[in-house]
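In what follows, a structure is listed as structure tokens, so that the remarks can point back to it.
The values are calculated or read from the model by the stated rules, or taken from the named source; none is laboratory data. All values derive from a computational prediction rather than experimental measurement. So basically every Cβ, Gly included, is an ideal-geometry build from the backbone, and we count neighbours across all protein chains shown. The protein model used for the area step is the full one, side chains on, heavy atoms only, and it has no ligands, DNA or RNA in it. Shrake-Rupley method; radii C 1.70, N 1.55, O 1.52, S 1.80 Å.
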Amino acid sequence: MIFIMSLTCIAGSAQAPRTYLLKVGKMYDSEKNIFLKDQEILVEGKKITKVGTGIKAPAGAEVIDLQSCTVSPGLIDAHTHILTIQKSTDPLEADILANSDIERSLRAVKIAKTYLEAGFTTIRDLGNSGMFLDLNIKRAINNGWVTGPRMIISGPILSPEDGQFFNLSLQNRFVIDREYRVIKNVEDARQAVKDHISHGVDVIKVVMGDGRLTLTLDEVKSIVETAHHYNIKVTAHATYDAVIARALDAGVDGIEHGYGIADSLLDIMAKKKVYLVPTIGTFENYRELFDPEKKQSDADSKGLKEFVKKSEEIVKTAIEKGVMVVNGADMYIYTPKPQGLVAKNSMEAYFVGCGKANEVLRTATRNAAIACGVDRFTGVIKEKMTADIVAFDGDMEKDFISSLYKVKFVMKDGEIFLNIK
């Protein structure tokens, strides 16, 4: 009894929720898609309680000076794979064959922290994560056992019989069933969605097919209808026009990648309010990841430049056509740099494409929050929203790319994780 009473006293004397008043030089308003000067943000506990000017700091509040910074809602990367790392010279399955589930999970803990330190307060992890290893990492973060961004997870990707592994030897084909939920027919597609929901996924991801095999229209329709019945979104890995069109016909909520997508399909996406996650990077970043010694032939280098230019133009066109563009880096390639830091390159590529800092920030805040289904509490800095806030040193309107990589302050759920003074 004495022991229990002692614990009660300790719990009762726990520190009250912290209060902060952030004094901001410039703030990005993701609802209005504009920058506002000289703003103040009051954070009490996990929530933003006031935003504006002339806010008086309550007794006991800590005042944080961010007047040299641009502040935005916490960034969101809507396409991550923190449980897989692929060396540029290796096939995708090499990592799975070389590392146990425990090793992949421990590595993911480290990777998750790099995203938070880079200013990402939410990530959406889209498979290549074993049998629900992503769920374990999400729980660990939610329980405070490890440090990382909020996670939205898909569990194993729903795919055709070959998953995303091609030319596997017979004895290595077991890795497909370790990483993917192979869809055999329409009824199996329906059951796969229900099984995933029972495990606690937040979104369903399908691979339309990259190899000889693809999901049929009826199979994808079955997936979408079942998921939507349970208010779960479906996003589709679709890399060329034929499967993009099929995914749109089936009623998916989003298209991942969409490399070289036709303008006519962007028009359909705008009409149907289907979002696009262009997982692209700059030419320099691709070279650093895939050809660090610069051994690529002139012809290959020219082809890569043309791909990057076309990809950047697609971002600009999609925004102009009214397609909701959502930030997602798909950063699973090995790099000696922190994964979360390198993941920002997608935003840099978007900026090269559209040239507007506000539009790029919107892809990684409000748009991404809507796509991830978390817009009811994050993605916007305003009263009653969760205090997910990031501050970049400098003026992002004038020097977006430089400021993007200079994070000074990160707050998630009202808790400060980074504060460089």
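Below, the figures for the structure above:
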quantity	calculated
Per-residue [θ]222 nm for the chain (sum of -39500 (n - 2.57) over DSSP H runs n ≥ 4, rounded to 500)	-11000 deg cm²/dmol
Local electrostatic count, Val326, Cβ distance below 14 Å [Lys/Arg +1, Asp/Glu -1]	0
The range 31-169 - convex hull of the alpha-carbon atoms, volume per residue in Å³	166
39 Å tail of the calculated P(r), the chain, as % of Cα pairs	19
Separation of alpha-carbon centers, the range 225-263 and the range 108-141, rounded to whole Å	23
Rg(Cα)/(2.2 N^0.38 Å) for the range 180-309, N = residue count	1.23
Whichever aspartates and glutamates have a C-alpha closer than 19 Å to that of Lys50, once near sequence neighbours (fewer than 8 apart) are set aside	Asp29, Glu31, Asp38, Glu40, Glu62, Asp65, Asp375, Glu383, Asp388, Asp413, Glu415
Cα-Cα P(r), the range 163-241, percent of pairs per 10 Å interval	17, 50, 28, 5
Simple label model, 7 Å out from Cα along Cβ direction - Lys56 to Glu103, nm	6.1
Mean Cα-pair separation over length for the range 4-149, i.e. relative contact order, pairs under 8 Å, 6 or more apart, %	20
Helix 345-354 vs. the chain, principal-axis angle (Cα, 0 to 90°, nearest 10)	80
Two-site label geometry, Lys37 and Asn136: point separation in nm, points 7 Å out along Cα→Cβ	5.3
Accessible surface of the chain, 1.4 Å probe, proportion on carbon and sulfur as whole %	52
Segment Lys271-Glu306, extension gain: residue separation times 0.36 nm, minus the distance between their alpha carbons	9.7 nm
Spacing of the two label points (7 Å from each Cα toward its C-beta) at Ala94 and Asp65, in nm	5.0
The range 105-156: chymotrypsin sites (Phe, Trp or Tyr not before Pro) in DSSP loop, at most 11 other beta carbons within 10 Å	Trp145
Candidates Val146, Val360, Val182: whichever shows maximal mean-square fluctuation once the chain is modelled as a Gaussian network with Cα springs under 10 Å	Val146
Given Lys110/Lys382; Lys184/Lys221; Lys37/Lys408, the pairs whose alpha carbons are separated by over 20 Å	Lys110/Lys382
Between 0 and 90°, nearest 10: helix 241-250 axis offset from the chain longest Cα axis	70
Largest-first ellipsoid semi-axes for the range 299-421, taking √(5λ) over the Cα gyration tensor eigenvalues, angstrom	26, 19, 14
Solvent-accessible surface (1.4 angstrom probe) belonging to Lys87, in square angstrom, nearest 10	110
Length-normalised contact order for the chain - Cα pairs under 8 Å, 6+ apart - percent	20
The range 53-115 - Rg and Dmax from Cα coordinates, angstrom	20.3, 58
Extended-chain gain in nm, criterion 0.36 nm per residue less alpha-carbon gap, Ile420 and Arg178	82.9 nm
